[in-house]
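Worksheet: the structure to be examined is printed underneath.
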Amino acid sequence: MSGPLVSVRCPTCGGPVSVYVAPAPPTQWFACPHCRTPVPVVVPRDPPPLYTWEVLPGLYPSLPAPRAPRWRASRAAAGALLNVAVIAAVLAAVLGYYAVVADTPGSFSVSGNVGLYQSLSGEIVPAAGALVVATDEAGHNFTTSTGIDGSFEVAGLPTGGVSLNFTFPNYAPVTEEVFLSTVFSSGASSVSVVLVPGGASNSSASSLTPFANVETFVAAIGGAVVLLGLIAVVAAASAILTYRSDRPALGVVGGGAGLLSPLAIVFLGLGSAFPVVLAVTAVLAAIGGFALAIRTLDIALVGSAPD
């Protein structure tokens, strides 16, 4: 058997809520038809008049009708999630373009200087006449020697990873790896090598780039494009569903996806290659964190939306 018709106002949007309450339990929850926020309704225990302001209406001043707040958390979260989706999609498109043009043929040069470590004095002197051999991905060698001041330059190198081998009589050889492309070049103009006394048995090798060749570079960009595309899809779907049904949990998921976007760039080693993209993903993470925070706060204060 249903109880009386009770009319209240939603504390979130201020809209009228009229429901038939059951005799028990004393407090019952109903979804607001305007914003879907759960509204508590207490079952009347006595017939009206119930309160002193109904018996003595002139004793209390009349209160204005509640108005819907101008700022709505759900709309702010939906807007933030939409920004996350748009920015992530734009970044994915930009990185996709970089992946296409990364393998464009080109002619590059590598320069730097070579020094010799003096064991007796501990000083580093220029290595005049040191042999520098650059080997590209196809196995072609480009040979040059350092000048009196230890400087060198190897020109005409193709796109891709290049291995630089430095040798000098009675000194241990050193190998450095660099990467050259029209999109990103690592270590091309800042190669600095110090040779120490020794031989081939104590040679050393290091890399000035996280990318050994064009394939690994394009694969890293492709991985970032896929991850940013997934972030854009999740954020866009969360924005639409949040705006239409005000589901706080969806805002948490979409905001979390945006918050993790910089990790995609850093994990794939593209932070040094594209610092501007990394900075934009930091902004993306801030917007996603905002959406996640306000939706988490809604869940903590109100609870999840009813089915």
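Every number in this text was worked out from the coordinates using simple rules, so none of it is lab data. Since the structure is predicted, the reported quantities are computational estimates derived from the model, not experimental observations. Backbone-built Cβ (ideal geometry, glycine too); neighbour counts: all protein chains shown.
Considering all projection directions equally, how large on average is the shadow of the alpha-carbon convex hull of the range 184-251, in square nanometres?
In nm², the orientation-averaged hull projection of the range 184-251 is 8.5.
Can you tell me how much longer the chain between Ala76 and Ala24 gets when fully stretched, taken as 0.36 nm per residue apart minus their C-alpha distance, in nm with one decimal?
Extra length available between Ala76 and Ala24 comes to 15.0 nm.
Could you run the Karplus curve 6.51 cos²θ - 1.76 cosθ + 1.60 with θ = phi - 60° over the range 229-238 and give me ³J(HN,Hα) per residue in whole Hz, x for Gly and Pro?
Result, rounded to whole Hz: x, 5, 4, 4, 5, 5, 5, 5, 4, 5.
Fully extended, how many nm does the chain gain between Thr216 and Ile240 (0.36 nm per residue separation, minus their Cα-Cα distance)?
Gain on stretching Thr216 to Ile240: 5.0 nm.
So, in Å, what gap is there between the alpha-carbon centers of the range 230-258 and the range 271-287?
21 Å
Please give, to one decimal in nm, the separation of the simple spin-label points placed at Ser107 and Ala282, each 7 Å out from Cα toward the Cβ.
Placing both labels 7 Å beyond Cα along the Cβ direction yields 3.9 nm.
Going by amide H atoms built from the backbone, whose H comes under 5 Å of the H on Ala172, apart from near neighbours?
The answer is Val196, Gly198, Gly199.
Please name whichever of Ala293, Val174, Ala24 sits farthest to the positive end of the charge dipole of the chain, dipole taken about the Cα centre and charges placed at Cβ: Lys and Arg +1, Asp and Glu -1.
Selected residue: Ala24.
Let me test this: with uniform point scatterers at the alpha carbons of the chain, what is the Debye-based log₁₀ I(q)/I(0) at q = 0.16 1/Å?
-1.14
Quick one: work out the % antiparallel among DSSP beta bridges in the chain, nearest 5.
So the antiparallel bridges amount to about 80 percent of the total.
So, R0 is 35 Å and r is the distance between the beta-carbons of Thr296 and Leu5; what FRET efficiency does that work out to, to 0.05?
For Thr296 and Leu5, the calculated efficiency is 0.45.
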